[in-house]
Amino acid sequence: MTAVVLVAAVALVDADGRVLIAKRPEGKSMAGLWEFPGGKVEAGERPELALIRELKEELGIDVTEACLAPLTFASHAYEKFHLLMPLYVCRRWKGTVTALEGQELKWVRPNRLREHPMPPADLPLIPHLIDLL
């Protein structure tokens with residue numbers, strides 16, 4: 001039986017309608033690919049709380065649960081596990097987005113997201129963002 005891994009992700013949207021993506025650092029699986037910020041949901045943790053925690057750790061911003069709007073989700077079979085990834089949209093946060101873990105960050109228009117190589121699970125999310133924004 002394949003393990004199902006729950007990862008929460010967020011499309012941070014700035015005032016110009018651009019979405020934040022982060023480059024996976026060297027040494028991690030799928031290094032060099034661009035992804036939406038977020039992370040693994042710990043046992044007993046809700047996806048929204050995982051995102052609030054990860055955004056603070058990775059980007060140094062404070063997000064409230066009320067500002068996280070569920071948009072869609074990805075369900076993707078990787079070789080060693082199955083990924084289930086809810087994607088939220090967030091337009092409001094406190095603080096300045098900063099790469100606290102040395103990752104490269106980029107604000108991108110939704111219709112330009114496909115120009116950045118992404119993990120297979122992230123690709124089906126792009127049309128939803130284009131439709132929304």
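The values are calculated or read from the model by the stated rules, or taken from the named source; none is laboratory data. Since the structure is predicted, the reported quantities are computational estimates derived from the model, not experimental observations. Here Cβ is always computed from backbone atoms with ideal geometry, including for glycine, and neighbour counts include all displayed protein chains. These area figures cover heavy atoms from the full protein model, side chains too; ligands, DNA and RNA do not enter into them. Shrake-Rupley method; radii C 1.70, N 1.55, O 1.52, S 1.80 Å.
Worth pointing out:
- Shown in residue order for the range 7-21 are the 3J(HN,Hα) couplings computed by the Karplus curve 6.51 cos²θ - 1.76 cosθ + 1.60 at θ = phi - 60°: 10, 9, 10, 9, 9, 6, 10, 8, 4, 8, x, 8, 10, 7, 10 Hz (x for Gly and Pro).
- Solvent-accessible area, 1.4 Å probe, carbon plus sulfur percent, for the chain: 53
- Were the residues from Asp62 through Leu105 laid out at 0.36 nm apart, the gain over their Cα-Cα distance would be 13.7 nm.
- The charge dipole of the range 1-69, taken about its Cα centre with unit charges on the Cβ atoms of Lys, Arg (+1), Asp and Glu (-1) only, comes to about 240 debye.
- Remark: the range 44-53, residue by residue, has Karplus-estimated 3J(HN,Hα) of x, 9, 7, x, 5, 5, 4, 5, 4, 5 Hz, where x stands for each Gly or Pro and the curve is 6.51 cos²θ - 1.76 cosθ + 1.60 at θ = phi - 60°.
- The ratio of the alpha-carbon radius of gyration of the range 1-105 to the globular-protein estimate 2.2 N^0.38 Å is 1.05.
- Aspartates and glutamates with Cα under 18 Å of Lys28, excluding same-chain neighbours fewer than 8 positions away: Glu54, Glu57, Glu58, Glu79, Glu101, Glu104, Asp122
- Percent antiparallel among DSSP beta bridges (both partners in the chain, rounded to 5): 75
- Summed over the residues of the chain and divided among them, the accessible surface reaches 55 Å² per residue at a probe radius of 1.4 Å.
- Two-site label geometry, Arg114 and Leu133: point separation in nm, points 7 Å out along Cα→Cβ: 1.6
- Each Cα pair under 8 Å and six or more residues apart adds its separation to the average, and for the chain the resulting relative contact order is 32 percent.
- The order of the peptides 29-39, 60-70 by mean Cβ neighbours within 10 Å, most packed first, is 29-39, 60-70.
- The gain in end-to-end length when the Ala31 to Ala3 segment is fully stretched comes to 7.9 nm, 0.36 nm per residue minus the alpha carbon separation.
- Both radii are taken from the alpha-carbon atoms of the range 44-133; with Rh as the Kirkwood radius, Rg/Rh is 0.95.
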